[in-house]
Amino acid sequence: MKVFINKRIPQIGIDILKENNLEIITQETEHPTYQEWLENCKKADVLLSVGGKNKYDKAFFDACPDIKAIALFSVGFDQVDIAEATKRKIPIGNTPDVLSRATSDVAFLLMQMVSRKANYNIEKVKSGNWKDFDALEELGQELYGKTLGVFGLGRIGFEMAEKCKAAFGMNIIYHNRSHNEQAEKELDAKYVSFDELTQQSDIISIHANYTPEQADIFNKSVFEKMKKNAIFINTARGGFHNETDLLEALKSGKIWGAGLDVTNPEPMDKTNPLLQLPNVCVLPHIGSATIEARNGMAKLASENIVAFSKDEKMPTIVNPKVYD
Ligand code: 8YV
């Protein structure tokens, strides 16, 4: 069975595939064209798909009819048309849990960076503008006892809420497709409507799975309802927020600050006006970028492929219906 891996991954993943006698195809060029990438997909039975840019939709599956399974090197699966894959009985694996800590750490980091205007202050030192003491210059705000609103309280959202409660004694409210009983019991988290979430939160942090129906759900009308001291954190997918509306909300003081690990598009252009604001911090999608998380992701993705090659159920699968 031939496995195409489109970008480098930690060695642990390669070792697992090799130990199981799977043939590996790698991408020869560092920045392949779409066509070069597609040619390799056509040669493979299974994809180990790294990076969120390749779309797996009807057109792709029509172009690569031999693809039998895809193991994503990510927890998110928004690049896959799951209904189409399921219809074709193509199992789609993902990598949950192993990156929950790392990703929630970045949300927690961004929240603190924004609350203390770290980006502005780092820039001030680097550009030689650290001069006289000024007791009123670009002051931050403290997070103690504030309300964290989690949009999408799954594994990553839970980790973020747990940290915020432990470190700052925050109150936790959340909006989700369903109730999270563990969070309600252990963190005293309160389920609220989307409107209540946006109106009551001092910090809003997005941890939901992205679907196209949720595009721009954080837009002008939502930012207008938010508190003036609110900090908006997005470590999930850039599509959740409307960037023009966010910029306007920040510039006009409708909300206090924003921390983004995800943007739309990615990478963000270096001339983006958001990068000029003192109350904004942007990171280049590093949520899962730790040795521990990336090793865990490589292991899970490879184990999904090994299971598939043995006609077994993938251990972490997005569309278990393929086995019905
Ligand atoms: C990955 C991610 O870095 O898991 C996800 O959904 O967004 C990140 O962990 C990225 O998708 C690379 O595959």
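Restricted to region 301-324, and to residues there that are more than 25 Å from the chain's Cα centre (by Cα) and part of a helix (DSSP H, G or I), the residue that is nearest to VAL80 (Cα to Cα) is VAL322. For HIS285, the conditions (1) open to solvent by 80 Å² or more (accessible area, probe 1.4 Å); (2) within 14 Å of the ligand (Cβ to nearest atom) are fulfilled apart from (1).
Somewhere in region 243-251, is a residue assigned to a loop (DSSP other than H, G, I, E, B), of a type in the set (A, V, I, L, M) and modelled with pLDDT of 95 or more? No, there is no match, as no residue in region 243-251 is assigned to a loop (DSSP other than H, G, I, E, B), of a type in the set (A, V, I, L, M) and modelled with pLDDT of 95 or more. Of the residues making up region 291-323, those that are of a type outside the set (A, V, I, L, M), open to solvent by less than 50 Å² (accessible area, probe 1.4 Å) and within 13 Å of the ligand (Cβ to nearest atom) number 2. For LYS117, the conditions (1) crowded, with 16+ Cβ neighbours inside 10 Å; (2) within 30 Å of GLU184 (Cα to Cα) all hold with the exception of (2).
Taken as a whole, the structure leaves GLU248 outside the set of residues that are open to solvent by 40 Å² or more (accessible area, probe 1.4 Å), away from the ligand (no atom under 13 Å from the Cβ), without any contact (Cβ under 8 Å) to a residue 60 or more places away in the chain and assigned by TED's automatic domain parsing to the domain that holds ASP15. Of GLN79, GLN27, all but one fail to be modelled with pLDDT of 95 or more and over 20 Å from PRO315 (Cβ atoms); the exception is GLN79.
Yes/no matrix, rows are residues, columns are (1) of a type in the set (Val, Ile, Thr); (2) more than 28 Å from PRO284 (Cβ to Cβ); (3) touching a strand residue (DSSP E or B) at 6+ places or on another chain (Cβ under 9 Å); (4) in the same structural domain as SER205 (by TED's automatic domain parsing):
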site	(1), (2), (3), (4)
GLU19	no, yes, no, no
ALA63	no, yes, no, no
PHE73	no, no, yes, no
ILE92	yes, no, yes, no
MET111	no, no, yes, yes
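Check whether at least one residue in region 233-240 is basic (Lys, Arg) and exposed (fewer than 15 other Cβ atoms within 10 Å of the Cβ), and report yes or no. No. Residues that are over 20 Å from the mean Cα position of the chain (by Cα), assigned to a helix (DSSP H, G or I) and without any contact (Cβ under 8 Å) to a residue 40 or more places away in the chain: does region 157-164 have at least one? No, region 157-164 contains no residue that is over 20 Å from the mean Cα position of the chain (by Cα), assigned to a helix (DSSP H, G or I) and without any contact (Cβ under 8 Å) to a residue 40 or more places away in the chain. Contact annotation: residue pairs with Cβ atoms under 8 Å, 6 or more positions apart or on different chains, pairing a residue in region 1-27 that is closer than 15 Å to ASN304 by Cα with a partner that is open to solvent by 50 Å² or more (accessible area, probe 1.4 Å) and acidic (Asp, Glu), are MET1/GLU23; LYS2/GLU23; VAL3/GLU23; ILE16/GLU303. Residues in region 41-70 that are within 16 Å of the ligand (Cβ to nearest atom), open to solvent by 10 Å² or more (accessible area, probe 1.4 Å) and not basic (Lys, Arg): VAL50, GLY51, GLY52, ASN54.
For region 252-263, filtered to residues that are open to solvent by 10 Å² or more (accessible area, probe 1.4 Å) and under 16 Å from VAL282 (Cα atoms), the residue that is farthest from the ligand (Cβ to nearest atom) is TRP256. If you go through region 71-109 and pick out every residue that is in contact with a Gly (Cβ under 7 Å, 6 or more places away or on another chain), crowded, with 24+ Cβ neighbours inside 10 Å and under 15 Å from LYS55 (Cα atoms), you end up with 2.
The values are calculated or read from the model by the stated rules, or taken from the named source; none is laboratory data. Quick caveat: nothing in here was measured; it's all calculated off a predicted structure. All Cβ positions, even for glycine, are placed from backbone atoms using ideal geometry, and neighbour counts span all protein chains on display. We work out accessible area using only protein heavy atoms, side chains counted, and drop any ligands, DNA or RNA first. Shrake-Rupley method; radii C 1.70, N 1.55, O 1.52, S 1.80 Å.
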